[in-house]
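Quick note: the coordinates plus some simple rules give every number you see, no bench work behind them. Model, not experiment: these values are computed from the prediction. Glycine also receives a Cβ, built like all others from the backbone with ideal geometry; neighbour counts cover every protein chain displayed.
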Amino acid sequence: MFCDECLAAVAIGNTVYWFAWLLGSGPASAVSPMIAHILGERAGNRGGVRASLRMGLWAVVIVSLVVMPVMMSAEPILLFLHQQPELAHGAGQFVGLVAIGLPFSLASMVLGSFATTMGHPRAGLWVSMATIAFNALAGWTLIFGHFGAPRLGIVGSGIATASSSVFGCLAMLAIVHGNPHLRAVRMFRRFGRPVHVKLAEVFRLGLPIGVTTLFEAMLFNTMTLLMGTFGAAALAAHQIAMNACSITFMVPMGIGMASTVRVGIAAGAGDIRGARRAGLVALGTGGVFMLVSGVLMGLFGAQVAGLYLGRGGADDLAAIALAAIFLKAAAAFQVFDGLQAVGARVLRGLKDARMPMILAGGSYWLIGAPICFWLALGLHMRGLGIWIGFVVCLGAAAVAMVARFLILTRPPPG
């Protein structure tokens, strides 16, 4: 079986991998608003679309060359951070293999953004589903040694994860080649020729986007570590509530990705009223969905938690009771979470990336983190204090992002 030590090593290794992936995902995310603006300016501008797409893929190569050596040094990094040698070794094996798949994963993200902005959002959906299935089958085969394959354990998990990234990238390339509308862009034409203006724009927009995402992820990861100091029941309840919130978050995130395109096309055409209208519709839709989600969480928190645990022993019952309390706090921030998620992406459609990064950093780390620590440790509210801190920082982020969008899309006088 996949031992507890292996699971712990993969969990630690994933923190290194996701740090690299989140930074790299920023330049990949910049391709969508860039292409949207180009299409808004002139719908048939294939040359401009091709240049942005090509430089997005160039950025993937550049970012990968920077972060892959860091990922392949995961073991000494984790040892420096005083992790157990056995776990650090296993994590180093896992991350070293997964690093090979990083450029393919980021390239797949670029191609998915290109397809979505060009009006083919289902391409990314089908590829994601196929990639998940491929990863599950490959992992089952290589970790446990099925179908005559050797039983590789943690090494098999790394190979499966890297292979699934390669599979996803090749699948996206096949879709782009097979779709006449996407193939007409001729993405590989003059691929080796740099377009310095577009490459600079990819990084100018993309790096702040990546850091913005990193700010949020780092806060929640840090609070998970803090929650672990309050005992196993508190940590289990926290993970249950976080998982439930991550599921509801997917809907406003998807709405936000669509709004990046709609706002970007309107902004590219110089239609500031249209950009404002598209953004407000997205914010309203995301907000209403999360309002319904919040009501359900508040009313049925214990039932939701019960889906994760069997209501068996005393430990399970304690975790369920705590998760129900945390989910009531989550219910209070659902609308905020939806608005900040959509708000960051409508601003992305305006090619506004640096200020959202500053707003996110301030909301999560100047407001959220100190309040979480103060309530949890200073006022001895423990886990509940952390979740109340989430309400405050997500509320601050939502207000800041929406206000920024309203200011930037303010109609001209007259």
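Using the eigenvalues of the Cα gyration tensor, what equivalent ellipsoid semi-axes result for region 219-332 when each is taken as the square root of five times the eigenvalue, whole Å, largest first? Working shown, then result.
Working: eigenvalues 279, 43, 17 Å².
Semi-axes, largest first: 37, 15, 9 Å.
Each residue of region 56-63 in turn: what ³J(HN,Hα) in whole Hz from Karplus with 6.51, -1.76, 1.60 and θ = phi - 60°, glycine and Pro shown as x?
For region 56-63, the Karplus curve yields x, 5, 4, 4, 4, 4, 5, 4 Hz.
What is region 323-365 by shape, rounded, prolate or oblate, if you read a ≥ b ≥ c off the alpha carbon gyration tensor as root eigenvalues and call it rounded for a/c under 1.5, prolate for a/b larger than b/c, and oblate otherwise? Please report the intermediate quantities before stating the final value.
Numbers: a/c = 5.11, a/b = 2.12, b/c = 2.41.
Since a/c reaches 1.5 but b/c is at least a/b, the shape of region 323-365 is classed as oblate.
Residues of region 92-110 with the amide nitrogen closer than 14 Å to a label point 7 Å from the Cα of A130, along Cα-to-Cβ, please.
Those under the cut-off are 108.
Work out from phi, with θ = phi - 60° and the Karplus expression 6.51 cos²θ - 1.76 cosθ + 1.60, the ³J(HN,Hα) of each residue of region 324-340, listed in order in whole Hz, and give x for Gly and Pro.
My calculation for region 324-340 gives 4, 5, 4, 5, 5, 5, 4, 4, 5, 9, 4, 4, 4, 4, x, 5, 6 Hz in order.
Sorted by mean Cβ packing within 10 Å, highest first, what order do the peptides 332-340, 208-216 take? Don't jump to the answer; show the numbers that get you there.
Details: 332-340: 24.9, 208-216: 22.3.
The most tightly packed comes first, giving 332-340, 208-216.
List, in order, the whole-Hz ³J(HN,Hα) value for each residue of region 215-225 obtained from phi through the Karplus relation with A = 6.51, B = -1.76, C = 1.60 and θ = phi - 60°; use x for Gly and Pro.
4, 5, 4, 5, 4, 5, 5, 4, 5, 5, 4
For q = 0.12, 0.13, 0.15, 0.20 Å⁻¹, what log10 I(q)/I(0) does region 4-194 give under the Debye formula with an equal point scatterer on each alpha carbon and no solvent?
The Debye formula, applied to the Cα set alone, gives -0.63, -0.72, -0.89, -1.28.
Stretch R183-N45 to full length: gain in nm at 0.36 nm per residue minus the Cα-Cα span? Each step should come with its number before you reach the end.
Values: separation 138, 0.36 × 138 = 49.68 nm, distance 1.40 nm.
The span from R183 to N45 would gain 48.3 nm if fully extended.
What FRET efficiency, computed as 1/(1 + (r/R0)^6) with R0 = 60 Å and r the Cβ-Cβ distance, is obtained for N243 and R190, rounded to the nearest 0.05?
Values: r = 46 Å, r/R0 = 0.76.
Efficiency computed from Cβ-Cβ geometry: 0.85.
List the residues whose amide H sits under 5 Å from the amide H of L350, counting only those 5 or more places along or on another chain, with H placed 1.01 Å from N in the peptide plane.
none
Taking 1 over the mean of 1/r across every pair of different Cα atoms in region 161-284, what Kirkwood radius in Å do you get? Please report the intermediate quantities before stating the final value.
Values: mean 1/r = 0.0529 Å⁻¹.
Result for region 161-284 stands at 18.9 Å.
Compute the Cα gyration tensor for the chain, then decide on rounded, prolate or oblate, letting a ≥ b ≥ c be the square roots of its eigenvalues: rounded whenever a/c is under 1.5, prolate when a/b is larger than b/c in the other cases, and oblate in all that remain.
Numbers: a/c = 1.83, a/b = 1.17, b/c = 1.57.
Oblate is the answer for the chain, as a/c is 1.5 or above yet b/c matches or exceeds a/b.
With r as the distance between the Cβ atoms of V281 and L79 and R0 = 60 Å, compute the FRET efficiency 1/(1 + (r/R0)^6) and round to 0.05.
Details: r = 51 Å, r/R0 = 0.85.
For L79 and V281, the calculated efficiency is 0.75.
Under the definition of Cα pairs under 8 Å and six or more residues apart, what whole-number percent is the relative contact order of region 4-194? Write out the running numbers ahead of the final one.
Values: 242 pairs, mean separation 50.3, N = 191.
That works out to 26 percent.
Sequence gap at least 6, Cα distance under 8 Å: using those rules, report the relative contact order of region 212-408 to the nearest whole percent.
On the way: 276 pairs, mean separation 56.7, N = 197.
Taking the mean separation of contacting Cα pairs over the length of region 212-408, I get 29 percent.
Out of region 74-175, which chymotrypsin sites (Phe, Trp or Tyr not before Pro) are coil in DSSP terms and have no more than 11 other C-beta atoms within 10 Å? Mind dumping the intermediate values first?
Working: sites: F80, F94, F104, F114, W126, F134, W140, F144, F147, F167; in loops: F147.
Within region 74-175, the qualifying chymotrypsin sites (Phe, Trp or Tyr not before Pro) (loop, at most 11 other Cβ atoms within 10 Å) are F147.
Output the relative contact order of the chain, whole-number percent, from Cα pairs under 8 angstrom with separation of 6+ residues. It would help to have the intermediate numbers written out before the result.
On the way: 635 pairs, mean separation 78.5, N = 414.
Over the chain, the number comes to 19 percent.
Return the calculated 222 nm mean residue ellipticity for the chain, to the nearest 500 deg cm²/dmol, obtained by summing -39500 (n - 2.57) across DSSP H runs with n ≥ 4 and dividing by the residue count. Intermediate results must be reported in sequence, preceding the final value.
Working: 14 runs with 337 residues, N = 414.
Value at 222 nm, helices only, nearest 500: -28500 deg cm²/dmol.
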